[in-house]
Structures are given as C-alpha cells and as structure tokens.
Amino acid sequence: VSGVRDIHADHAASHIGKAQGIVTCLRATPYHCTRRKVFLPMDICMLHGVSQEDFIRCKEEKNVRDVIYDITSQAHIHLEHVR
C-alpha cells in the first residue's frame, strides 16, 4: 500500500495479517456461537476433546480454555516472527 518493495516487509506484513486474522476469529467466536456456528480449527478442538456444541453452549471448562490458548499461541508465534 505504501509502495515499499522489500521482501522482509512483505514477510512481516504476512505474519501480522495471519495474527490479526486469528485474533479476529477468536473475538468473533461468541457472536458466531449465538448463531450456532463455530469457525475454529476442529483439529485443535478434537485434540482437547472439545466439540462445536461445547462452544455453542458457552462452556468454560478447562479443555475449552485450552483450545483458545492453543489458538492464541499460534497468533503469538506469528507476532514473534515479525519481531
């Protein structure tokens, strides 16, 4: 957008965009759950034994929190790449 032609800037912007996308998806989860939709990675949910119904029912059990933690950790990893 600003006319910068640098592979490092492109790489950093890519990681920032991925981190922002992950965070946006997590922030929208309560809204989507009220409409009975879950857009979280099912492989991570299955790893912790969490179903879509657990999110829709707004369960706050440890395994649900672990799913959120794992997903936020992915966003954090992208930010570390940028730094």
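Structure data summary
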item	result
Selection from region 13-54 of residues that are more than 30 Å from residue 3 (Cα to Cα) and in contact with a Leu (Cβ under 7 Å, 6 or more places away or on another chain)	29
Every residue from region 49-64 that is touching a Cys at 6+ places or on another chain (Cβ under 7 Å) and surrounded by fewer than 13 Cβ atoms within 10 Å (Cβ to Cβ)	58
Residue under evaluation residue 46, criteria (1) open to solvent by less than 90 Å² (accessible area, probe 1.4 Å); (2) in a helix (DSSP H, G or I); (3) more than 20 Å from residue 24 (Cβ to Cβ), criterion not met	(1)
Residues of region 25-43 satisfying the condition of being more than 11 Å from residue 67 (Cβ to Cβ) and part of a helix (DSSP H, G or I)	25, 27, 28, 30, 31, 32, 33, 34
Where residue 47 falls short, out of the listed (1) without any contact (Cβ under 8 Å) to a residue 24 or more places away in the chain; (2) under 14 Å from the mean Cα position of the chain (by Cα)	(2)
Selection status of residue 67, touching a residue at least 24 places away in the same chain (Cβ under 8 Å), open to solvent by less than 80 Å² (accessible area, probe 1.4 Å) and touching a Cys at 6+ places or on another chain (Cβ under 7 Å)	yes
Any hit, region 76-83, residues being farther than 17 Å from residue 20 by Cβ, surrounded by 12 or more Cβ atoms within 10 Å (Cβ to Cβ) and free of Cβ contacts under 8 Å to residues at least 60 places away in the same chain	no
Residue within region 1-19 that is of a type in the set (Asp, Glu), open to solvent by less than 60 Å² (accessible area, probe 1.4 Å) and assigned to a helix (DSSP H, G or I) present	no
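The values are calculated or read from the model by the stated rules, or taken from the named source; none is laboratory data. All values reported here derive from a predicted model rather than from experimental measurement. In this analysis, Cβ positions are derived from the backbone assuming ideal geometry, glycine residues included, and neighbour counts consider all displayed protein chains. Just so you know, the surface numbers come from the protein's heavy atoms only, side chains and all, with ligands and any DNA or RNA stripped out. Shrake-Rupley method; radii C 1.70, N 1.55, O 1.52, S 1.80 Å.
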